[in-house]
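Here is the structure we will look at, set down as structure tokens.
Please treat every number below as a calculation from the coordinates, not as lab data. Just so it is clear, the structure is predicted and the values come from calculations on it, not from any experiment.
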Amino acid sequence: MFVENNIWVISIALVSLLGITFFRKQMMIILLSFEIGGLSIFIVLYMFMKVYNQYLTSALYMLIIVVCEASLGLSLLVVMTRTGGNDNLVNVGI
């Protein structure tokens, strides 16, 4: 029952991985894909804890980590666009 209800969450996670794979040269798309993946993991964790009547504090910790990752990614994106002029990862030289 748990897996049957979460097929759409798994498909969202796969779309996130495909976004990272196909658009690996654009920093903004990669950051959005990371956010979508983190939110799908949060939804799965939340529903898992709801089913087994556990405390939801670890799901909130997961959400806090995702938000911190988003703020760091946004600051990195701002620095990249101010120094390089765009968000292409080709210009970074990684």
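Would you mind calculating the gained length between R24 and L76 on full extension (0.36 nm times residue separation, minus the Cα-Cα distance), in nm to one decimal?
Computed gain between R24 and L76 is 17.1 nm.
Name the residue, out of I65, I36, I12, whose mean-square fluctuation peaks in a Gaussian network model built on the chain with Cα pairs under 10 Å.
Highest fluctuation among the options: I65.
Once a ≥ b ≥ c are taken as the square roots of the eigenvalues of the Cα gyration tensor of the range 2-84, is the result rounded (a/c under 1.5), prolate (a/b larger than b/c) or oblate (a/b not larger than b/c)?
Here the range 2-84 falls in the oblate category.
What does the helix-only formula give at 222 nm for the chain: each DSSP H stretch with n ≥ 4 adding -39500 (n - 2.57), the total divided by the residues, and the result rounded to the nearest 500 deg cm²/dmol?
Helix contribution divided over all residues of the chain: -26500 deg cm²/dmol.
Given an 8 Å cut-off on Cα distances and at least 6 residues of separation, report the relative contact order of the range 1-82 as a percent.
Relative contact order for the range 1-82 comes out at 27 percent.
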